Amino acid sequence: MELKSSKILSLHSLKNIVRKLKEKGKIIVLTNGAFDLLHYGHINYLKEAKENGDILIVAVNSDNSVRRLKGEGRPIIDEKGRAYLVASLKVVDYVIIFEEDNVKRILSELMPHLHIKGPDYSVETVAESKFSSSLGIETRIVGKSKEQSTTDIIKRVRVLYG
């Protein structure tokens, strides 16, 4: 089965859309992550991210990027599957898959108003925060505490089903 969604776009296509949305006065929010084994912590985080603007763009790490950042055995779900799952959420307006280990290139190309990260970060620990600030993009943290993590789910599955 081929996984397709009109919400999953290339950087070039998304850049044109964002430009038009900004001309209409829309507040653009970008967030990013692996989103491996989508869980309720992800859903709550994405809902809160969307509350900060009009349009929510989610940048999903490629398989190679996840492997570099999370280690061998990850991701569990391939990039197309993860992007499709995220794009299927009502709160998500657009999805892009990116190869790099950070979203500096996407931030500089799309120039969103906000870069949102979850509660496992502080503004100071977001890898792109100084870069974002230099571009006039605000970094915000949403969520009160880390509700769940894919790493913890994988550990529990390994213990139960070894």
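The values are calculated or read from the model by the stated rules, or taken from the named source; none is laboratory data. Because the structure is a prediction, the values reported are computed rather than measured. For neighbour counting, all protein chains shown are included, and Cβ atoms are generated from backbone atoms with ideal geometry for every residue, glycine included.
Has the range 69-90 got any residue that is polar (S, T, N, Q), in contact with a His (Cβ under 7 Å, 6 or more places away or on another chain) and either without any contact (Cβ under 8 Å) to a residue 40 or more places away in the chain or not in a strand (DSSP E or B) (or both)? Within the range 69-90, none of the residues are polar (S, T, N, Q), in contact with a His (Cβ under 7 Å, 6 or more places away or on another chain) and either without any contact (Cβ under 8 Å) to a residue 40 or more places away in the chain or not in a strand (DSSP E or B) (or both).
Can you say whether Lys130 is surrounded by fewer than 21 Cβ atoms within 10 Å (Cβ to Cβ) and not in a loop (DSSP other than H, G, I, E, B), as far as the supplied structure shows? The answer is yes for Lys130. Test Asp36 against the criterion of being on the phi < 0 side of the Ramachandran plot, touching a helix residue (DSSP H, G or I) at 6+ places or on another chain (Cβ under 6 Å) and of a type in the set (Asp, Glu), and give yes or no. In short, yes. The condition of being surrounded by fewer than 20 Cβ atoms within 10 Å (Cβ to Cβ), over 19 Å from Ser129 (Cα atoms) and modelled with pLDDT under 95 holds for Leu38.
For the range 111-127, what are the residues that are of a type outside the set (Lys, Arg) and within 15 Å of Ala49 (Cβ to Cβ)?
Pro112, His113, Leu114, His115, Ile116, Gly118, Pro119, Asp120, Tyr121, Val123, Val126
For (1) crowded, with 20+ Cβ neighbours inside 10 Å; (2) at pLDDT 95 or above; (3) within 14 Å of Leu30 (Cβ to Cβ), each residue gets a yes or a no:
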{"position": "Lys90", "(1), (2), (3)": "no, yes, no"}
{"position": "Leu107", "(1), (2), (3)": "yes, yes, yes"}
{"position": "Leu110", "(1), (2), (3)": "yes, yes, yes"}
{"position": "His115", "(1), (2), (3)": "yes, yes, yes"}
{"position": "Glu138", "(1), (2), (3)": "no, yes, yes"}
{"position": "Gln148", "(1), (2), (3)": "no, no, no"}
{"position": "Lys155", "(1), (2), (3)": "no, no, no"}
{"position": "Gly162", "(1), (2), (3)": "no, no, no"}
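Residues in the range 1-57 that are acidic (Asp, Glu) and part of a helix (DSSP H, G or I): Glu23, Glu48.
Ile28: surrounded by 21 or more Cβ atoms within 10 Å (Cβ to Cβ), at pLDDT 95 or above, under 20 Å from Lys7 (Cβ atoms) and of a type in the set (A, V, I, L, M), yes or no? For Ile28, the condition - surrounded by 21 or more Cβ atoms within 10 Å (Cβ to Cβ), at pLDDT 95 or above, under 20 Å from Lys7 (Cβ atoms) and of a type in the set (A, V, I, L, M) - is met. Can you say whether Arg67 is modelled with pLDDT under 95, in contact with a Lys or Arg (Cβ under 8 Å, 6 or more places away or on another chain) and over 28 Å from Leu135 (Cα atoms), as far as the supplied structure shows? Considered against the rule, which asks whether it is modelled with pLDDT under 95, in contact with a Lys or Arg (Cβ under 8 Å, 6 or more places away or on another chain) and over 28 Å from Leu135 (Cα atoms), Arg67 comes out as no. Flag not set for Leu21, criterion: within 12 Å of the chain's Cα centre (by Cα) and either of a type in the set (Lys, Arg) or over 22 Å from Ala127 (Cα atoms) (or both).
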